[in-house]
Amino acid sequence: MGYSALLRPRDEQSFARKSSHERQNRSSRRGRIRRTLRSAWQRCGPEFSGWKGQAHLFGLAVFSALVLRLAFPRWNVAIVAAVGLAPFLWAVANAKSGKQAFYLGWVFGAVYYYVLLIWLHVLIVYHPVIPAALVLLGLYLGLFKALFAWLAWRMARRGGTVYWAVAAAWVAAEYIQSLGDLGFPWGYLGHGLWRHPPLLQLTAWTGVYGLSFVLFWANHLLCDSTRALRRETSAPPARQLLARLAILAGFGGAVLLSHLGARHRVHSEDFYATPPATIGIVQPNIPQRIKVRSYSWDTPEEERARLQSEILRKTITVTDQLQSQAGADACDLVIWPETAVTDEFFVFRPAYETLFDDLATTRFGTALFFGATKMHVLRMGRFVAPEDLDLDDYRLHPEAYAFEFYNSTWLVEPGRGFNPTIYSKTRLVPFGEGLPYIQRVKPLAALISKIAGIVPLSAASKHVVYTLRGRDGSALLRFGPLICYESCYPDLSRKRVRRGAELLVIITNDAWYERTAGAASHQLQAIFRAVETRRWVARCANHGISCFVSPLGEIVAESDLAREATVKWHVRGVKELTFYSRWGDVFAWLTLAGTCGFVVLARKRQR
């Protein structure tokens with residue numbers, strides 16, 4: 001018997017009215033949702049119907065992104081940084097609306113960062129989600145260029161008096177991109193000059209943002225001069241060109257004076273605070289697939305122990321070669337790369353303490369600085385010291401234990417053993433070593449970690465400066481450590497220098513990127529840290545590129561990529577602080593303040 005036979009006529013009519021009312025409600029809700037989405041799309045989405053015949057503007061944005069990529073490794077065509085942005089600026093100037101300018105900027109930024117970071121695809125063997133992640137990264141970073149394009153279009157409507165404001169908006173967008181846990185100070189316009197140290201000296205005053213400002217001005221000058229010649233602007237071409245050429249010449253004069261002043265100062269004897277110290281760098285060239293297997297808990301324990309021993313043995317052998325070549329010119333400090341020791345239980349095994357004390361005191365006869373993982377064990381939320389760890393209790397009650405992993409550095413001194421000061425990484429690679437903001441939501445963090453194959457590390461908060469001492473205990477120099485990705489952040493190097501660091505030491509493992517442009521793209525950051533702080537930089541990489549960078553940003557010695565190598569140089573400590581080391585991103589703050597001020601004034605005038 002059907003349900004309808006069980007209903008009385010009145011109940012049947014009531015049921016029909018109720019069903020009809022529910023259908024109307026559902027239809028009404030769907031209608032409201034469609035109207036809301038359509039309204040949001042109309043406000044924020046591209047106006048394709050109004051952009052007919054302007055596809056060439058998006059073509060120019062893509063073309064500009066591809067050309068600008070040539071300023072960076074492996075091509076390193078520096079002149080592109082001064083002209084490659086002009087097609088994009090021309091497209092923004094000819095946009096029909098601020099919304100269209102925004103999307104032009106987004107397309108430009110997304111394409112630019114995708115092709116700039118395309119070498120990250122090599123990580124797909126470790127993280128299958130890399131292709132999708134790279135697209136999302138490009139879209140995210142493209143938003144900063146989109147913000148600039150929208151601002152530039154609005155500013156252009158105010159006339160030629162905002163020429164300075166547009167350049168400030170570009171720098172402000174770069175600066176905002178570097179902020180927060182998702183900050184990514186990579187691929188800035190000024191970075192395109194990395195192979196030309198004489199042009200970099202302005203960064204001791206303004207950071208990379210001063211170079212970006214000058215290069216943007218050159219691009220804008222080219223764009224506006226072209227528009228003036230095509231009669232797209234009302235100002236006479238000759239007057240416009242001469243005025244802006246004069247300003248650009250003034251910028252060139254500032255760059256030249258910075259170079260001359262820096263060279264004179266660095267070559268002065270009183271510039272240095274310490275006698276020369278001999279630093280040796282060891283590049284063992286351990287393939288990344290072997291390093292990963294040596295610490296992966298999916299690897300059988302016996303094989304993991306064997307690989308850890310082989311990695312350590314090879315690094316020691318390459319160090320022996322360095323010391324045998326030194327002769328009478330023995331090293332005061334030998335540097336090994338990031339995670340040179342891949343055993344997570346490094347601090348829990350007393351045999352390592354004996355081994356490294358013997359290496360520093362007897363075998364090498366010099367201080368040894370290296371990277372390794374530091375593991376904290378927590379039982380019921382309480383820290384367990386290495387000497388108090390009860391393995392039997394752990395086997396019986398594994399659920400009571402939790403682990404925290406830190407990417408750390410260690411200094412072993414001859415005759416004194418391990419230095420009690422340990423530095424752990426404070427700035428983690430977003431979605432590579434940590435999950436910024438997401439880690440606060442533990443279920444979501446666990447899900448993303450599982451999908452992406454990420455084992456989140458813990459970030460430390462303490463900034464450390466080591467003191468290198470001779471055998472007699474006297475201080476030779478003080479150095480500040482930077483681990484891998486941290487070398488991209490000028491604020492971290494400034495903190496080390498203000499705490500007394502006379503030398504910067506970068507340890508990294510770029511074997512992840514194999515023979516791609518990734519290693520050179522990362523190396524260029526060391527050049528800017530050297531010039532900004534006027535410090536020698538010693539950069540030690542497992543796979544390359546290891547190098548020494550002078551306070552003028554000159555690479556005085558470097559290794560080849562993907563080879564066993566040793567590099568040695570005499571460096572001297574520097575105590576004095578540059579304007580940028582002392583005051584930081586004042587120039588960037590001014591551009592940001594100027595941009596915000598322009599927006600506020602523009603809104604008041606509209607009212």
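The values are calculated or read from the model by the stated rules, or taken from the named source; none is laboratory data. Computed from a predicted model, the values in this text were never measured in an experiment. Using ideal geometry, Cβ is built from the backbone for each residue, glycine included, and neighbour counts are taken over all protein chains shown.
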Check on residue 412, closer than 24 Å to residue 276 by Cα, part of a loop (DSSP other than H, G, I, E, B) and modelled with pLDDT of 90 or more: no
Conditions (1) within 30 Å of residue 428 (Cα to Cα); (2) at pLDDT below 90; (3) of a type outside the set (D, E, K, R): number failed by residue 324: (1)
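Would you call residue 512 in contact (Cβ under 8 Å) with a residue 12 or more places away in the chain, among the aromatic types (Phe, Trp, Tyr), touching a strand residue (DSSP E or B) at 6+ places or on another chain (Cβ under 7 Å) and not in a loop (DSSP other than H, G, I, E, B)? Reasoning before the result, please.
Details: in contact (Cβ under 8 Å) with a residue 12 or more places away in the chain: yes; among the aromatic types (Phe, Trp, Tyr): yes; touching a strand residue (DSSP E or B) at 6+ places or on another chain (Cβ under 7 Å): no; not in a loop (DSSP other than H, G, I, E, B): yes.
Criteria not met by residue 512.
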Condition check for residue 524: farther than 16 Å from residue 281 by Cβ and over 19 Å from the mean Cα position of the chain (by Cα): no
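Being surrounded by fewer than 16 Cβ atoms within 10 Å (Cβ to Cβ), within 27 Å of the chain's Cα centre (by Cα) and either farther than 21 Å from residue 214 by Cα or modelled with pLDDT of 95 or more (or both) is true for just one of 66, 117. Which residue is that? If you could, list the steps in order and put the result at the bottom.
Values: 117 fails: surrounded by fewer than 16 Cβ atoms within 10 Å (Cβ to Cβ).
Being surrounded by fewer than 16 Cβ atoms within 10 Å (Cβ to Cβ), within 27 Å of the chain's Cα centre (by Cα) and either farther than 21 Å from residue 214 by Cα or modelled with pLDDT of 95 or more (or both) holds for just one of 66, 117, which is 66.
Quick one: which residue in 605, 563, 582 is touching a residue at least 60 places away in the same chain (Cβ under 8 Å) and part of a helix (DSSP H, G or I)? Step through it out loud before you land on a result.
Numbers: 605 fails: touching a residue at least 60 places away in the same chain (Cβ under 8 Å); 563 fails: part of a helix (DSSP H, G or I).
582 is the lone residue from the list that is touching a residue at least 60 places away in the same chain (Cβ under 8 Å) and part of a helix (DSSP H, G or I).
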Test: residue in segment 423-435 that is closer than 24 Å to residue 282 by Cβ and out of contact with any Lys or Arg (no Cβ under 8 Å at 6 or more places or on another chain): yes
